[in-house]
1. Applying the selection to segment 259-275, what residues are in a strand (DSSP E or B), aliphatic (A, V, I, L, M) and surrounded by fewer than 19 Cβ atoms within 10 Å (Cβ to Cβ)?
2. Hey, does segment 358-365 have a residue that's of a type in the set (V, I, T), farther than 29 Å from A159 by Cβ and touching a residue at least 40 places away in the same chain (Cβ under 8 Å)?
3. Please verify whether segment 177-184 includes one or more residues that are at pLDDT 75 or above and touching a helix residue (DSSP H, G or I) at 6+ places or on another chain (Cβ under 9 Å).
4. Would you point out the residue of segment 342-366, among those that are of a type outside the set (D, E, K, R) and in a loop (DSSP other than H, G, I, E, B), that is nearest to V5 (Cα to Cα)?
5. Check S201 against each of (1) more than 30 Å from E268 (Cβ to Cβ); (2) away from the ligand (no atom under 14 Å from the Cβ); (3) in contact (Cβ under 8 Å) with a residue 24 or more places away in the chain and name the one condition it does not meet.
6. For segment 403-434, which residues satisfy the criterion of being part of a loop (DSSP other than H, G, I, E, B) and farther than 11 Å from A72 by Cα?
7. Got a sec? Which of R326, R287 is in the same structural domain as H24 (by TED's automatic domain parsing) and either out of contact with any Ser or Thr (no Cβ under 6 Å at 6 or more places or on another chain) or closer than 25 Å to A132 by Cβ (or both)?
8. Which residue is nearest to Y322 (Cα to Cα), if the candidates are limited to segment 117-133 and must be in a loop (DSSP other than H, G, I, E, B), hydrophobic (A, V, I, L, M, F, W, C) and within 15 Å of the ligand (Cβ to nearest atom)?
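The values are calculated or read from the model by the stated rules, or taken from the named source; none is laboratory data. Please read all numbers here as calculations on a predicted model, not as lab measurements. Neighbour counts are summed over all protein chains in view; Cβ atoms, including those assigned to glycine, are modelled from backbone coordinates with ideal geometry.
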Amino acid sequence: MEVTVIGAGLAGCEAAYRIAACGHTVRLIDCKPDTASPAHRSGNFAELVCSNSLKSDEPTTASGLLKRELRALGCFLLREAEAARVPAGGALAVDREVFSHRITQIIRSHPGIEIVGETAQDWNVNELTVIATGPLTVGKLADVLQSRIGGALHFYDAAAPVVDAMSIERAHCFAASRYDKGDSDYLNCPMDKDTYLAFVSELVSAERAQQHAFDRREIFEGCMPIEIMAERGVDTMRFGPLRPVGFVDPHTGKRPYAVVQLRAENNERTMYNLVGFQTNLKFGEQRRVFGMIPALAHAEFLRYGVMHRNTYIDSPRVLDVYSRLRDFPNTFIAGQLSGVEGYVESIASGLVCGINAVRILEGKPPVTLPDTTVIGSLYRYITTAQADFQPMNANFGVLPPHEEHIRDKTKRKERYCERSLSDLYEFQKANDLV
Ligand SMILES: Cc1cc2nc3c(=O)[nH]c(=O)nc-3n(C[C@H](O)[C@H](O)[C@H](O)COP(=O)(O)OP(=O)(O)OC[C@H]3O[C@@H](n4cnc5c(N)ncnc54)[C@H](O)[C@@H]3O)c2cc1C
C-alpha cells in the first residue's frame, strides 16, 4: 500500500478517498467496531458524534464559504452530505445514519482501499501516513505521538472566546499596557462599579454547557472557567484577570473599577481574545453575558469559549503548512488532531492531506491554498507561531482584511467570498487541481 491512513472519521475518510480516487492504494485503519472512543457509538465510518448540522451554507458566512471552497475542490464528504441532507433553513444538516452509511459503503467497496479493523498504537515514520484519529484518539498512539513531537500535544481545550476586531466598540475601550510599561498591546475594556456588579451576578447564574463524563477534569487554577472564578467571591475577578491597577481610562481620567483585557489573536489584529475568559457557558449565554461589557455590546463572536477533552498537537510548533510534521515529513496530521476545530474544518484538513499525499506520490511539491481562502488562512493560522495555541474554526477573522475599508458588513463578506473563489480557481488552474 502506498499510504496508510489511521482513523476513518471525517478527516480520515476524506483523505483516504481522495488518495484512492487518484488511483493510489490506501490502508485505512480504524479501531471500530471492536473499540471506540467514549463519544463514538456506531460501527460506521465518518460518524457525527454530536450535532447533525454542518453549520451554515450561506455564502456570507465563513462556514458557507468554506463549503464553497470544498465543493470547488471536489470534496467527497460534502457531496455525500448533500445526498443525506435534511431541511435546516440556511444550514447544511444531514441524516447522520444515511451520511455515515453511504460513506462507509463507498469506502469499503473501493478497490484501492484496504480496511484494517484495529487500534493503531504506532506508525512507521518512513512511510507516507495520515494520522486522523481525532480529538478522542484511542490507545497508546497519542503517547507515541507526544513523545515523537517533544511533548507538543494537548489533551484538553480551555479556550476563551475570540471576537471580530471590527465589532469592538472603540469608544468604550483604550489601548494601553499596565503602568504604561511596554507596548500598548492590549485593548482594555473598563467597567464601572454598577456594570461590574451586574456582570458578576449574571455570570454566576448563566446557563452552562453540559459536560460529558469524559470531559470532566480537575480545575487547574491557571485555566479556571471565568464563571467559577466569579462564584468564589464578588471581587475575585478584580484581583485576577479583571484587575484595574496600573490603568487610567483616558475617557474619564480615572482608574476603572474593573478592566477586561483583549489580546490580539493574529498579527493583522483582526481578531481579539478575552484574556482569562475560558468558559463553559452555553454559546448564547456567552453572547448575552459578555455583551454586558460595554466595549463588547455588539461583539461578533468568531470562536466561543469551550472546555472539553480534545487531543490536538501544538501545530504552530510542529506542523508545516502542508499539514506534515516538520520533523517527520512523511507523516501528515489531519482533522481535529491538527488543531482545526469543527466537522467541516476536519473534512477540509483531510482533503488538504489527501491532495498533498497524492502530489508527493506523483513527484510534485505539496501545495498550500491561497491565504485568501478560508482553508488556506486556517492553515496559516494554525501553523503560525503564537503563545498558548488553541484550536480554531472557520471564520472571517482569519482572512487577510480587504485593502480598502468596506463599511457594510454583508458587502464585506460577499467580497471575501468572491476574492476567495476567484483566487482558488487560479490556484487550481496553476496546480492541475481543476
Ligand atoms: C464530544 C464531541 C462533540 C463534538 N461535537 C461537534 C459538533 O457538534 N459540531 C462540530 O462541528 N464539531 C464537533 N466536535 C469537534 C470535531 O468536529 C469532531 O470531533 C470531528 O468528528 C473531528 O473529526 P476527525 O476526523 O478529526 O475525528 P473523528 O471524526 O473523531 O475520527 C477519528 C476516527 O479515528 C478512530 N480512531 C481513534 N483512535 C484510533 C486508533 N488509535 N487507531 C485506529 N483508529 C482510531 C475513531 O474510531 C474515529 O473513527 C465534537 C467533538 C467531540 C469530542
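1. First, pick out the residues of segment 259-275 that are in a strand (DSSP E or B): 259-264, 271-274.
Subsequent filtering for residues that are aliphatic (A, V, I, L, M) retains 259-260, 262, 264, 271, 274.
A264, the sole residue that qualifies.
2. Initial filter on segment 358-365 (of a type in the set (V, I, T)): 358, 360.
Those left that are additionally farther than 29 Å from A159 by Cβ: 358, 360.
In the following step, the residues that additionally are touching a residue at least 40 places away in the same chain (Cβ under 8 Å) were identified as 358, 360.
Checked segment 358-365: at least one residue is of a type in the set (V, I, T), farther than 29 Å from A159 by Cβ and touching a residue at least 40 places away in the same chain (Cβ under 8 Å).
3. Applying the first criterion (at pLDDT 75 or above) to segment 177-184 yields 177-181.
Pick out the ones that are also touching a helix residue (DSSP H, G or I) at 6+ places or on another chain (Cβ under 9 Å) and you get none.
Within segment 177-184 (the criterion being at pLDDT 75 or above and touching a helix residue (DSSP H, G or I) at 6+ places or on another chain (Cβ under 9 Å)), the answer is no, since none of the residues qualifies.
4. At the first step, the residues of segment 342-366 found to be of a type outside the set (D, E, K, R) are 342-344, 346-358, 360-361, 363, 365-366.
If we keep only those that are in a loop (DSSP other than H, G, I, E, B) as well, we get 342, 363, 365-366.
Numbers: G342: 20, G363: 20, P365: 20, P366: 18 Å.
Filtering segment 342-366 for residues that are of a type outside the set (D, E, K, R) and in a loop (DSSP other than H, G, I, E, B), the one nearest to V5 (Cα to Cα) comes out as P366.
5. (3)
6. As a first pass, look at segment 403-434 and keep what is part of a loop (DSSP other than H, G, I, E, B): 403-408, 431-434.
Selection gives E403, E404, H405, I406, R407, D408, N431, D432.
7. On the way: R287 fails: in the same structural domain as H24 (by TED's automatic domain parsing).
Matching residue, one of R326, R287: R326.
8. A132
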